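Shown next, in structure tokens, is the structure this report addresses.
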Amino acid sequence: MQFIDQAEVEVEAGKGGDGIVAFRREKYVPAGGPAGGNGGCGGDVILTAVEHLQTLLDFKYAHRFEAENGGRGGPNNRTGADGRDRVIQVPCGTMVYDADTDEVLGDLVEPEQTLCVAKGGKGGLGNKHFLSNRNRAPEYALPGLPGEQRRLRMELKLLAEVGIIGLPNAGKSTLIASLSAARPKIADYPFTTLVPNLGVVRKPNGDGTVFADIPGLIEGAHLGTGLGHDFLRHIERTRLLLHLIDATADDPIGNYHTIQQELHAYGRGLAERPQILALNKIDAVDSETAEALTIQLNQLTQVPVFQISAVAQMGLDALLSKIWQSLEQLTASELPSMA
């Protein structure tokens, strides 16, 4: 399945129905008076978040969505039918912007959460509405109002608690495959992962936590270089970053700095997001090299550095234990004070 995480569409709400001019014509009512009904309201365009969608692929070919117009008013004071709303399903995690003004219209995070992006026009008034002591037989009515029109830009930001970041070939896909049931493409060349992968990792209590394998960032990613610029937005929703560093790389310390610089350059608080460091592929280097790199990274960051091998599944239990502990601490810090 193709992964589409940005889309632009046009939406138009329904036009309100016209009011009409009509008079009562009944056998025993010689002066029936005005009886033109009001028009119905136009339908709204509504976005709703659903769990079964994972991408914005549906909007690659469908670019325009219209709601139904309101019905025309009828005689005998009958109001026209309201137009049906146009309900558009989007994945959970979709940010919605006005494409012309860049105004944020909404953030659809929870399942069944809705957002009205275009309001239907009001129905026009029939001549019955204009009856007064001074005008006993009004012969005019009002047309319905047009519905709102908008160009929308939608961006999907994956909902994951833990984002796995690192340079290409750091072993992110191998790690998420080892920890979860996800089966991403894995190969020994850079940019194997072209789209984010999601995997659910089971906690000891049986609950699940979503991990996101973010495609490889490279130097200059925040400027549009490589793949990272397209997918940095997916890290914004994660609560915790797991930074993988390839122990077999020519300059693991320099690689660490490269990723940190990209997070700083992208902004939006990513550089301040809590991080856990893991030195991966330790089964492919000697113990002295692994220990020296661990000490350097620890002195540089002042945080624990875990030695792991995703392919050999070494050190994963200790790493997961630290992840669960960090998530619990973050949850506790987010709770309102009881004082």
Mind checking which pairs have a first residue in region 236-261 that is under 17 Å from residue 210 (Cα atoms) and a second that is acidic (Asp, Glu) and not in a strand (DSSP E or B), Cβ under 7 Å, 6 or more apart or different chains? 238/161; 239/161; 240/161
Test: residue 254 is open to solvent by 10 Å² or more (accessible area, probe 1.4 Å), farther than 19 Å from residue 306 by Cβ and modelled with pLDDT of 80 or more: yes
So is residue 244 open to solvent by less than 30 Å² (accessible area, probe 1.4 Å) and at pLDDT 70 or above or not? yes
Residue count for region 127-177, restricted to those that are within 16 Å of residue 73 (Cα to Cα), in a loop (DSSP other than H, G, I, E, B) and open to solvent by less than 20 Å² (accessible area, probe 1.4 Å): 2
For residue 204, are the conditions met, namely being open to solvent by less than 10 Å² (accessible area, probe 1.4 Å), closer than 27 Å to residue 294 by Cβ, part of a loop (DSSP other than H, G, I, E, B) and at pLDDT below 85? no
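Listed here are the residues, each with its yes/no results for (1) on the phi > 0 side of the Ramachandran plot; (2) open to solvent by 10 Å² or more (accessible area, probe 1.4 Å); (3) modelled with pLDDT under 95.
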{"position": "66", "(1), (2), (3)": "no, yes, no"}
{"position": "73", "(1), (2), (3)": "no, no, no"}
{"position": "76", "(1), (2), (3)": "yes, yes, yes"}
{"position": "79", "(1), (2), (3)": "no, yes, no"}
{"position": "85", "(1), (2), (3)": "no, yes, no"}
{"position": "102", "(1), (2), (3)": "yes, yes, yes"}
{"position": "118", "(1), (2), (3)": "no, no, no"}
If I filter region 16-37 for residues that are touching a Ser or Thr at 6+ places or on another chain (Cβ under 6 Å) and not hydrophobic (A, V, I, L, M, F, W, C), do I get at least one hit? yes
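The values are calculated or read from the model by the stated rules, or taken from the named source; none is laboratory data. Not measured: the values here are computed from a predicted model. Counting neighbours? That spans all protein chains shown, and the Cβs are built from the backbone with ideal geometry, glycine included. These accessible areas exclude ligands, DNA and RNA; they are computed on the full protein's heavy atoms, side chains included. Shrake-Rupley method; radii C 1.70, N 1.55, O 1.52, S 1.80 Å.
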